[in-house]
Amino acid sequence: MTTKAAEVRLEGIAKRYGKVEAVKPLDLIIEGGTLVTLLGPSGCGKTTLLRMIAGLEQPSAGRLFIGGRDVTLLSAGERNVSMVFQSYALFPHMTVLENVSYGLISSGFGKKDAAARAEAALETVGLRGFGARLPSEMSGGQQQRVAVARALVLEPAVLLFDEPLSNLDTRLRRSMREEIRALQQRLGLTVVYVTHDQSEALAVSDKIVVMRNAEIAQSGTPEALYASPENVFVATFMGEANHVRGSIESIIGDAAQLALDALRLALPHRGLGIGPCDVVIRPEAIRLADSGPGIAGQIVRATYMGAHTEYLIATPLGELFAIHPDRLHRRAAGSAVMVTLDPEGVVLVRP
């Protein structure tokens with residue numbers, strides 16, 4: 001299959017329903033051949049933004065470009081984009097091959113040519129030989145692949161996914177997100193992917209756009225958002241995080257001397273000044289010892305998770321959630337511990 005990766009550029013795009021701002025004016029560039037995830041809680045505007053890219057919603061303001069062409073006023077059928085919906089939306093009375101061929105035949109392709117292209121699309125998603133089956137005869141993961149094949153067969157400039165894995169169980173979600181990522185990279189597709197699942201976003205994305213209250217809270221690579229969140233919301237939304245209060249005692253160059261109860265850490269000040277501050281501590285950055293320097297704590301709860309143990313620890317900073325790979329030596333609830341921190345997992349953030 002051949003596809004043409006296209007850049008998607010949004011300039012001042014906004015959407016209002018009466019007095020409600022579903023998407024506040026924003027600018028965003030999605031580079032050709034990359035997978036960009038719109039991530040955020042329900043009602044943040046991510047699906048509305050995706051539907052505007054698809055042409056299913058008309059912007060209230062701003063302009064939208066796909067492959068350098070202004071498509072703001074064009075219909076969905078004129079944009080050369082394809083969308084994979086949460087429900088898959090397969091026709092139950094049609095075979096898999098007929099489902100995948102449907103868009104081509106509707107566009108004027110002959111049945112023979114459409115069938116050949118559909119077979120190629122099915123092979124691309126690993127479903128060669130499944131064309132004669134009905135959707136009801138296939139698993140959820142296979143139906144999801146059919147939906148992807150139906151979108152790919154139109155050779156779109158941009159492929160859109162709206163919560164595509166939410167109907168699948170945990171194990172299947174993991175394998176399907178890996179397949180989607182591998183397919184995107186192999187074909188060099190431009191993909192815009194909507195989800196509220198942080199682990200899913202981290203696993204598939206070149207870039208993540210975190211949305212909150214109808215606007216962009218922060219965007220960047222998965223690594224940048226996890227390691228250097230700009231505010232408490234992004235930090236706590238991008239994986240597990242402990243939000244505590246500390247105090248910056250001094251600033252020398254780029255480093256702030258941070259006081260967290262009995263601990264002192266040197267961290268990048270990130271534009272913050274001397275005084276009380278918000279601090280994010282990743283669970284994997286918490287180290288536990290029986291004695292020595294640190295913050296005195298007590299294990300409130302210890303949860304065995306197979307490959308690791310999760311702890312809830314009462315400390316003067318508040319309760320801290322920690323993850324430890326100590327499967328063979330688990331600490332019991334009620335145990336006294338001393339808490340120290342790996343500076344790489346501690347970040348100063350804005351409220």
key: Breaking point among (1) β-branched (Val, Ile, Thr); (2) farther than 26 Å from Ala302 by Cα; (3) assigned to a strand (DSSP E or B), for Val234   = (3)
message = If Ala255 meets every condition in (1) in contact (Cβ under 8 Å) with a residue 24 or more places away in the chain; (2) in contact with a Leu (Cβ under 9 Å, 6 or more places away or on another chain); (3) open to solvent by 30 Å² or more (accessible area, probe 1.4 Å) apart from one, which number is that one?
response = (1)
inquiry  = Cβ contacts < 6 Å: first residue polar (S, T, N, Q), restricted to segment 191-219; second residue open to solvent by 50 Å² or more (accessible area, probe 1.4 Å), any location; separation 6+ or different chain. Result?
reply    = Gln218/Glu230
key: Pair list, Cβ < 6 Å and 6+ apart or interchain, from segment 151-173 residues that are on the phi > 0 side of the Ramachandran plot to residues that are in a loop (DSSP other than H, G, I, E, B) and at pLDDT below 85   = Glu155/Thr3; Glu163/Gln86
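Results for (1) closer than 14 Å to Pro41 by Cβ; (2) modelled with pLDDT of 95 or more, shown as yes or no for each residue.
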position: Leu168; (1), (2): no, no
position: Leu172; (1), (2): no, no
position: Met176; (1), (2): no, no
position: Ile180; (1), (2): no, no
position: Gly188; (1), (2): no, no
position: Gln198; (1), (2): yes, no
position: Glu215; (1), (2): yes, yes
remark   = Of those in segment 199-223 that are closer than 28 Å to Ala259 by Cα and under 13 Å from the mean Cα position of the chain (by Cα), the residue most open to solvent (accessible area, probe 1.4 Å) is Glu223
task = Could you identify the single residue in Asp326, Asp342 that is among the acidic types (Asp, Glu) and open to solvent by 40 Å² or more (accessible area, probe 1.4 Å)?
result = Asp342
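One line per residue, one yes/no per condition, for (1) more than 25 Å from the chain's Cα centre (by Cα); (2) under 29 Å from Val234 (Cβ atoms); (3) among the aliphatic types (A, V, I, L, M):
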{"site": "Ile281", "(1), (2), (3)": "no, yes, yes"}
{"site": "Gln298", "(1), (2), (3)": "yes, no, no"}
{"site": "Arg301", "(1), (2), (3)": "yes, yes, no"}
{"site": "Arg331", "(1), (2), (3)": "yes, no, no"}
key: Top-ranked residue of segment 1-23 - restricted to ones that are without any contact (Cβ under 8 Å) to a residue 24 or more places away in the chain and in a strand (DSSP E or B), ranked as surrounded by the fewest Cβ atoms within 10 Å (Cβ to Cβ)   = Val20
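Return the residue satisfying two criteria in turn: it lies in segment 181-190 and is in contact with a helix residue (DSSP H, G or I) (Cβ under 9 Å, 6 or more places away or on another chain) and free of Cβ contacts under 8 Å to residues at least 60 places away in the same chain, and of such residues it is most open to solvent (accessible area, probe 1.4 Å). Let's see the steps before the verdict.
Pass one, segment 181-190, residues in contact with a helix residue (DSSP H, G or I) (Cβ under 9 Å, 6 or more places away or on another chain): 181, 183-184, 186-187, 189-190.
Adding the requirement that they be free of Cβ contacts under 8 Å to residues at least 60 places away in the same chain leaves 183, 186.
Working: Leu183: 15, Arg186: 147 Å².
Top of the filtered list is Arg186.
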remark   = The residue from Gly62, Gly45, Gly32 that alone is over 25 Å from Glu200 (Cα atoms) and not acidic (Asp, Glu) is Gly62
request  = Could you grab me the full set of residues in segment 59-75 that are more than 17 Å from Ile29 (Cβ to Cβ) and in contact with a strand residue (DSSP E or B) (Cβ under 8 Å, 6 or more places away or on another chain)?
outcome  = Ser60, Ala61
request  = Please find, among Asp197, Asp169, the residue that is over 30 Å from Ala14 (Cβ atoms) and out of contact with any Leu (no Cβ under 6 Å at 6 or more places or on another chain).
outcome  = Asp169
query = Are any residues in segment 212-266 among the polar types (S, T, N, Q), out of contact with any helix residue (DSSP H, G or I) (no Cβ under 9 Å at 6 or more places or on another chain) and under 17 Å from Glu284 (Cβ atoms), and if so, which ones?
reply = Ser228, Thr236
Unmet requirement for Val146, which otherwise passes all of (1) assigned to a helix (DSSP H, G or I); (2) touching a strand residue (DSSP E or B) at 6+ places or on another chain (Cβ under 9 Å); (3) crowded, with 20+ Cβ neighbours inside 10 Å = (2)
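For segment 258-305, please list each of the strands (runs of 3 or more DSSP E) lying entirely inside it that holds at least 3 residues being buried (at least 18 other Cβ atoms within 10 Å of the Cβ), β-branched (Val, Ile, Thr) and at pLDDT 95 or above. Don't jump to the end; show me each part of the working.
Working: elements: 263-268, 275-281, 286-289, 295-304.
Because the criterion is at least 3 residues that are buried (at least 18 other Cβ atoms within 10 Å of the Cβ), β-branched (Val, Ile, Thr) and at pLDDT 95 or above, the strands (runs of 3 or more DSSP E) in segment 258-305 that meet it are 275-281.
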message = Contact list please: Cβ distance under 6 Å, first residue in segment 326-339 and more than 24 Å from Leu260 (Cα to Cα), second residue surrounded by 12 or more Cβ atoms within 10 Å (Cβ to Cβ), pairs at least six apart or on different chains.
response = Asp326/Thr309; Arg330/Ala302; Arg330/Thr309
ask   = For segment 314-329, which residues satisfy the criterion of being in a strand (DSSP E or B) and within 23 Å of Ala227 (Cα to Cα)?
value = Gly318, Glu319, Leu320, Phe321, Ala322, Ile323, His324
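Looking only at strands (runs of 3 or more DSSP E) that lie completely in segment 24-136, which have at least 3 residues being at negative phi and either without any contact (Cβ under 8 Å) to a residue 40 or more places away in the chain or buried (at least 20 other Cβ atoms within 10 Å of the Cβ) (or both)? Show your work before the answer.
On the way: elements: 35-39, 61-66, 81-84.
Those strands (runs of 3 or more DSSP E) span 35-39, 81-84.
The values are calculated or read from the model by the stated rules, or taken from the named source; none is laboratory data. Computed from a predicted model, the values in this text were never measured in an experiment. Backbone-built Cβ (ideal geometry, glycine too); neighbour counts: all protein chains shown. Note: areas computed on protein heavy atoms with side chains; ligands, DNA, RNA excluded. Shrake-Rupley method; radii C 1.70, N 1.55, O 1.52, S 1.80 Å.
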